[in-house]
Structures are given as C-alpha cells and as structure tokens.
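Taken together, the values in this text are just the output of simple stated rules run on the coordinates, not laboratory data. In this text the structure is predicted, and so the values were computed from the model without any measurement. A quick note on method: Cβ atoms are made from the backbone with ideal geometry, for glycine too, and the neighbour counts reach across all protein chains shown.
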Amino acid sequence: MTDGDDPIPLSALQHWAYCPRQWALIHLEQVFEDNLYTQRGQAVHARVDQPGVELRPGLRVERALPVWSERLGLIGKADVVEFLPDGTAYPVEYKHGSRNKKAAVAACDDLQLAAQALCLEEMTGKPVPEGALFYATSKRRRVVSITPALREHVESATREIRQMLATRRTPPPVNDDRCHACSLRDLCQPDALTRLADTPSHLFDPDA
C-alpha cells in the first residue's frame, strides 16, 4: 500500500465479489438500506461482535478481533479467531442462512475469509492454511482451504477495488438473480435502469 491510500475494509471484498455495483453504491456513494437478509446477518453477529477472549482446552478463542494487512492495505474485524497452542490462527466467519448456499454466494464468503487469513498470517508470522464459515441456520461449519487460487483472488480483488476507487465510477446495473436478495434494489433500480438502457435512443429525440 502506498502513502495516502486508505485501507480497504474486508467487507468491501465480499460486496465487490457479489456485485461491483453494490460495492460502489455502498463504498463510493455511501448509501445502504437494510432488508430481511441484512437484519438476519446483524442478529447473527450480535454475540461475536462483542470483543472477548475465551480459553478452551487447547484453544484460545478471540471474538471481534481487529485484523489488518499493511502489504495489501486491508483492515477489518474477524468474528472469531481460534488460536492453537503454537499460535496458529484459525478464522471463523459467522453468516446467516444455511451452508448449502449457491456457489456464487459461497465464493463471496470464501473470499472474505481468505482475506482474514492473509491478514492473520501477516500479523502472526504463521501460515493460516484453512478457516471456516459458520452458518447460523444449519449451525454447521464449512471448512475452507486457503488455496493459492483463493489467495490470488484476494490480491486481484484488492487491485480491482483500488482501480475503482481511483476512477470513482459506479458500474451500471446488471438486473440478474443477484438483485433479488439485495437490500439496495430500490436504490439501484436495476429494472428501470435496464429498461432505459434498452430503449431506442430515437424515442428521446425531439426531432424524431
């Protein structure tokens, strides 16, 4: 990260991976609205958002742990990090819903978790080979290997987000399946904007 660059929140990577326009509306235009899904997510985080340390046999569990990467310019908070006796970190990110999510949504969760892993590696000096996503509805974990491909995805996503921050351009709407559960649907208006884009330009020509 160069001098003058603001750190990127870890949550921004998930927003960007889900929909670059959603990312831009939240992080460039500073707009946000809750819906049922975001409210469920907030409820899931109610406990883990409270900082604290718990000792278990062979584990030290830290909640709401601040994490960062100077190299990538990332900053955020890990819901839960389990530390093994040798200091190896194991991040656990809490999500609402079931672990049987659509592949595209699961990939966004994986990206955020991998970013936490890279931050923890830099902070502790120890490899973080895997982490887990805990889904509140199914009350099950899904283990995620922090693979080379996933690491590169974090790096490339960070670069692309920085490019979008530099241009400050909000992408056009996509109006696809991602829009149905998006809390910004009314603000984004993908249906109206897509219809406008498909309207022949001569209809707006007063001399036509």
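What ranking of D86, D6, D79 emerges when the number of other C-beta atoms within 10 Å of each C-beta is taken as an exposure proxy, fewest first? Walk me through the intermediate numbers first.
Values: D86 6, D6 10, D79 22.
Ascending Cβ contact count within 10 Å gives the list D86, D6, D79.
In the stretch 129-173, with Lys and Arg counted as +1 and Asp and Glu as -1 at Cβ, which of these residues, F134, S145, M164, has the Cα nearest the positive end of the dipole, that is, farthest along it?
About the Cα centre, the residue reaching furthest to the positive side is F134.
Could you go through the stretch 169-181 in sequence order and give the Karplus-derived ³J(HN,Hα) for each residue, using 6.51 cos²θ - 1.76 cosθ + 1.60 with θ = phi - 60°, rounded to whole Hz, and x for Gly and Pro?
My calculation for the stretch 169-181 gives 10, 7, x, x, x, 9, 6, 10, 4, 5, 6, 4, 9 Hz in order.
Once phi is turned into θ = phi - 60°, what whole-Hz ³J(HN,Hα) does the Karplus curve with 6.51, -1.76 and 1.60 give for every residue of the stretch 102-116, x standing for Gly and Pro?
My calculation for the stretch 102-116 gives 4, 4, 5, 5, 4, 5, 5, 4, 4, 4, 5, 5, 5, 4, 4 Hz in order.
In terms of modelled amide H atoms, which long-range or inter-chain residues lie less than 5 Å from the amide H of H96?
A136
Taking amide H positions as placed in the peptide plane 1.01 Å from N, state which residues far from A78 in sequence (5 or more) or on other chains have amide H under 5 Å from it.
L65, V67
By counting other Cβ atoms within 10 Å of each Cβ, how are E130, E121 ranked from fewest to most? Could you put the intermediate results ahead of the total?
Numbers: E130 15, E121 18.
Exposure proxy ranking, most exposed first: E130, E121.
Apply the Karplus curve 6.51 cos²θ - 1.76 cosθ + 1.60, θ = phi - 60°, to the phi angles in the stretch 150-158 and return the couplings in whole Hz, x for Gly and Pro.
Those phi angles translate into 5, 4, 5, 5, 4, 4, 5, 5, 4 Hz.
Roughly speaking, what is the stretch gain from R56 to S145, that is 0.36 nm per residue apart minus the C-alpha to C-alpha distance, in nm to one decimal? Don't jump to the answer; show the numbers that get you there.
On the way: separation 89, 0.36 × 89 = 32.04 nm, distance 2.36 nm.
Result: 29.7 nm gained on full extension.
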